[in-house]
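For reference, the structure discussed in these notes is given below.
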Amino acid sequence: MSRVAVVGGGITGLAAAQRLAKGGVDVVVLESSKRLGGKVLTERDEDLTVEVGPDSFLDREPAAASLCRELRLGSDLVSPARFGALVWTGAKLARLPAGFPHGIPSSPYRAWRSGLLSGRGALRACTDLFNPRPVSGPDLSLGTFVAHRFGSEVLENLVDPLLAGTRAGEAESLSLAAATPVIDSLARHHRSLIAGLRAQDAAGPPPFVGVRGGMDRLVERLAATLLERAEVRTGTVVARIQSSTNGFELRLESGATLEAQGVILAVPAFTAAAILRELSPGAAAQLRTIQYASVASVTLVYPQGSWTPPEGTSGLLVSRAAQATLAACSWTSYKWPETAPADGSLVMRCFAGRSGCDPVSTITDLELARRLVADLGAAIGLDASPLRSKVTRWERGLPQYAVGHLERVAAAERALEATPGVRLAGAGYRGSGLPDCIRQGQEAAARVVELL
Ligand SMILES: Cc1cc2nc3c(=O)[nH]c(=O)nc-3n(C[C@H](O)[C@H](O)[C@H](O)COP(=O)(O)OP(=O)(O)OC[C@H]3O[C@@H](n4cnc5c(N)ncnc54)[C@H](O)[C@@H]3O)c2cc1C
């Protein structure tokens with residue numbers, strides 16, 4: 001029987017392995033660290049439960065929600081108790097109006113009312129309504145597109161803070177098509193993006209859901225299904241792949257080797273490049289160019305009553321103009337009240353690290369926490385001292401889809417056609433949200449089975 005090796009036991013690799021095992025394929029998962037889940041990591045400390053990776057996913061993209069239902073977690077999908085963001089520009093703190101996907105103002109009037117755009121900035125944003133024709137031609141940067149269509153205030157006060165908070169991204173270099181496919185599609189089908197958004201009825205909060213008890217329950221359920229039907233090896237680093245008479249030989253860092261007829265590489269693109277350097281130098285060259293930003297998730301626990309967030313908000317987004325270390329923050333004890341400590345402490349989960357101006361890797365945990373505490377004081381007036389803090393770093397943790405990203409991924413995939421049976425999947429390629437990763441893992445599994 002053919003054997004498929006899945007390299008990487010993050011959510012992508014686990015979703016791929018689950019599909020393969022379910023289809024009766026002989027599958028082995030090779031994961032370098034001691035635990036499964038990759039970026040999906042829930043930490044529990046005394047009576048505190050915090051996500052230090054993803055805390056939720058988009059429900060309207062089906063792959064993650066349907067996998068949860070398949071794993072009998074459907075009734076444990078919970079919506080945040082609050083949803084809504086404040087934006088801090090350094091000069092002001094204002095509420096981001098609902099229904100602004102990626103910060104694109106479906107209503108310049110509401111953006112002006114919120115205080116995030118000046119009268120001049122709102123009028124400039126309205127020029128989108130008179131745009132003569134939809135976008136055509138090659139990929140362009142999100143920053144170039146937004147600045148041209150809506151002006152610099154929309155870019156700095158609306159789009160940039162959302163990108164910093166969700167992707168550690170920099171609008172000037174991110175690909176419109178790869179980083180914001182919904183906006184790209186609207187821009188290519190509608191003369192005016194505002195009109196396109198209104199036609200889509202984009203109002204209302206996006207339907208995010210989390211998993212009651214922790215996101216790692218999804219990993220646990222996947223791992224449990226694999227225990228019955230697949231081999232899972234943690235603490236196993238794959239160094240490279242070569243062709244062999246039987247298919248492929250995977251060389252492990254330990255010096256051992258393993259034969260497989262199909263391989264799914266569900267690791268970051270830079271790792272896939274290193275693993276493929278001999279088997280497919282062409283694919284490796286493309287993958288090496290995909291950049292990642294280092295980010296940190298810092299949980300700060302404050303005494304009860306230290307600060308009360310405005311009604312209907314769950315977090316803060318910080319514009320680059322504020323020149324802060326803080327990129328975003330969610331007040332998790334309000335957003336996910338069931339995870340809050342019983343003593344009523346306020347739990348703030350901060351994000352630091354931005355592509356292009358990245359101090360996260362070079363400063364100590366203590367200094368990082370100190371800066372974030374100071375930024376929270378300046379942004380929202382939270383002046384208390386935290387009782388405890390916990391820093392989790394994700395070195396090269398978030399892929400940055402630069403202009404032309406999808407062409408680069410397609411070129412890597414074309415290069416791999418010379419060695420049928422090897423597939424790429426995961427956050428580095430066609431979407432980094434959990435539903436995108438799960439979908440890519442499942443598609444890679446289906447494709448490998450077809451090829452075998
Ligand atoms: C702080 C943070 C917050 C996020 N928040 C959200 C959110 O709220 N919602 C959302 O949808 N998404 C969110 N994301 C994105 C999402 O979590 C990730 O894109 C997704 O989990 C990546 O899954 P993956 O399996 O592709 O990669 P990874 O999780 O990186 O898994 C790759 C695995 O490969 C292993 N590996 C690496 N090298 C080797 C090797 N040589 N041999 C064997 N194994 C190897 C790694 O140890 C790892 O386990 C967040 C990401 C971060 C960092």
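Here, each number is a calculation from the coordinates, and none is a lab measurement. In this text the structure is predicted, and so the values were computed from the model without any measurement. Positions of Cβ are generated from backbone atoms using ideal geometry, with glycine treated the same way; all protein chains shown enter the neighbour counts.
If you count Lys pairs in the chain whose Cα atoms are under 21 Å apart, skipping same-chain pairs closer than 8 places in sequence, the total is 4. Entry note, the chain: relative contact order of 25 percent, from Cα contacts under 8 Å with a spacing of 6+ residues.
Towards the positive end of the charge dipole of the chain, with charges on Cβ (+1 Lys, Arg; -1 Asp, Glu), say which of 258, 58, 271 has the farthest Cα. So the residue furthest toward the plus end is 58. Near residue 165, once Lys and Arg are set to +1 and Asp and Glu to -1 for all other residues with Cβ below 12 Å from its Cβ, the sum equals +3.
Distance distribution P(r), the stretch 195-319, all Cα-Cα pairs, bin width 5 angstrom from 0: 2, 7, 10, 12, 12, 13, 11, 11, 9, 8, 4, 2, 0, 0 percent. Here the dipole of the chain is about 740 debye; that uses its Cα centre as origin and unit charges on the Cβ of Lys and Arg (positive) and Asp and Glu (negative). Taking label points 7 Å from Cα along the Cα-to-Cβ direction, residue 417 and residue 246 give a separation of 3.0 nm. Considering all C-alpha pairs of the stretch 100-199, those separated by over 23 Å amount to 16%.
Distance between the modelled labels on residue 133 and residue 47, one decimal in nanometres: 6.5 nm (7 Å Cα→Cβ projection). Distance from the alpha carbon centroid of the stretch 129-190 to that of the stretch 58-84 works out to 28 angstrom.
Summing Lys and Arg as +1 and Asp and Glu as -1 over all other residues whose Cβ lies under 10 Å from the Cβ of residue 444 gives a net charge of +3. Neighbours of residue 225 by Cβ distance under 11 Å: Lys/Arg scored +1, Asp/Glu scored -1, total +2. Cβ-to-Cβ counts within 10 Å put 47, 365, 160 in ascending order as 47, 365, 160, the fewest first. Every Cα-Cα pair in the chain was counted, and those over 43 Å apart are 14% of them. Pairs of Cα atoms nearer than 8 Å and 6+ residues apart set the relative contact order; for the stretch 100-199 it is 35 percent.
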